[in-house]
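Accompanying notes for the structure given below.
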Amino acid sequence: MKLGRLNHIGVATPSMDESLKFYREVMGATSVVEPFELADRNLLVAFVDTPTESGMNGTQIELIQPLPGDTAFTNFLAKNPQGGQHHLCYEMADIHAAREWFEGQGKRILGPTRPGAHGTPIFFLHPKDMMGQLTEIMETPKSGH
Ligand SMILES: CC[C@H](C(=O)O)C(=O)SCCNC(=O)CCNC(=O)[C@H](O)C(C)(C)COP(=O)(O)OP(=O)(O)OC[C@H]1O[C@@H](n2cnc3c(N)ncnc32)[C@H](O)[C@@H]1OP(=O)(O)O
Ligand SMILES: [Co+2]
């Protein structure tokens, strides 16, 4: 299996407004994908782009604010009231081969492979099997992010 690009760092936040203000005013972010709802998951999501030499296609910060009805972040935000780093997302060329690889490695896969916030197929791996890091694997997008 070949490790691909670090596509994004998932960051949980109790307040999308405060996080976007922070990334713009403190961190100097200039390129943001404005918040949008993932209604099927009761999540509000935005992306903060980071620059590379060739433009704004560096690793993104995926800001995630749970909305009423979400339960996936309840424990995390109870333990981390300010939010913070939640998961890392790596790209791999073939999501099905990747799933088989990690299953063969005895890593627990959390839920079905399904479209993530970018619309490309993803799955998650249990942090306890991944050196303490909740890990998202995403199929390498055909173009761009
Ligand atoms: C924006 C869309 C985005 C996308 O598509 O990219 C998403 O959909 S992300 C939305 C959230 N979805 C997921 O996170 C799916 C995978 N996550 C899970 O299945 C759970 O969150 C799980 C199993 C990782 C944790 O379960 P739970 O939330 O119920 O918390 P527990 O306190 O029971 O945790 C058990 C154990 O794991 C440690 N833990 C929990 N979360 C994390 C984390 N983010 N990073 C590292 N470790 C984590 C927690 O500390 C517990 O360890 P223990 O030693 O027992 O205290
Ligand atoms: Co993610």
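The values are calculated or read from the model by the stated rules, or taken from the named source; none is laboratory data. Note that this is a predicted model, so its numbers are computed, not measured. Reconstructed Cβ throughout: ideal geometry from the backbone, glycine too, with neighbour counts over all protein chains shown. Only protein heavy atoms, including side chains, enter the accessible area calculation; ligands, DNA and RNA are left aside. Shrake-Rupley method; radii C 1.70, N 1.55, O 1.52, S 1.80 Å.
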So for R0 = 35 Å, FRET eff. of LYS79-ASN57 from the Cβ-Cβ r, to 0.05, ends up at 0.60
Just to check I understand the Karplus step: with θ = phi - 60° and J = 6.51 cos²θ - 1.76 cosθ + 1.60, what whole-Hz values come out for the range 61-74, glycine and proline as x? 9, 9, 7, 10, 10, x, 10, x, x, 6, 10, 5, 10, 4
Just grab the label-to-label distance for ARG114 and GLN133, each label 7 Å out from Cα along the Cβ direction, in nm (one decimal). 2.5 nm
Under Karplus coefficients 6.51, -1.76 and 1.60, residue-wise ³J(HN,Hα) of the range 92-99 in Hz, glycine/proline x: 9, 5, 10, 5, 6, 5, 5, 4
Averaged per residue, what accessible surface does the chain expose to a 1.4 Å probe, in Å²? 56 Å²
Among PHE73, PHE22, VAL32, whose Cα projects farthest towards the positive end of the dipole of the chain, with charges put on the beta-carbon of Lys, Arg (+1) and Asp, Glu (-1)? PHE73
Pairwise label distance in nanometres, PHE22 with LYS107, each label 7 Å out on the Cα-Cβ vector: 2.7 nm
Check which residues have an amide H placed less than 5 Å from ASN7's amide H, if you skip close sequence neighbours. CYS89, TYR90, GLU91
Starting from the 7 Å offset along Cα-to-Cβ, what nm value, one decimal, do you get for the label separation of ASP94 and ASP40? 2.5 nm
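Taking Cα atoms of the chain, Rg/Rh with Kirkwood Rh, to two decimals?
Values: Rg = 15.2 Å, Rh = 15.8 Å.
Using Cα coordinates only, the ratio equals 0.96.
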Ignoring any ligand, DNA or RNA, what whole percent of the accessible area of the chain comes from carbon and sulfur when the probe is 1.4 angstrom? 55 percent
For the range 102-115, Karplus couplings with θ = phi - 60° (6.51, -1.76, 1.60), whole Hz, Gly/Pro x: 5, 4, x, 7, x, 8, 6, 9, 9, x, x, 6, 7, x
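Quick one: in the range 5-49, what % of C-alpha pairs are over 12 Å apart? Provide the component values of the computation, followed by the final result.
Numbers: 643 of 990 pairs.
That fraction is 65 percent.
Please give me the summed charge of the neighbours of LEU134: other residues whose Cβ is under 15 Å from its Cβ, Lys and Arg +1, Asp and Glu -1. Can you show the working numbers first?
Working: positive: LYS79, LYS107, ARG108, LYS128; negative: GLU62, ASP129, GLU136.
Summing Lys/Arg as +1 and Asp/Glu as -1 gives +1.
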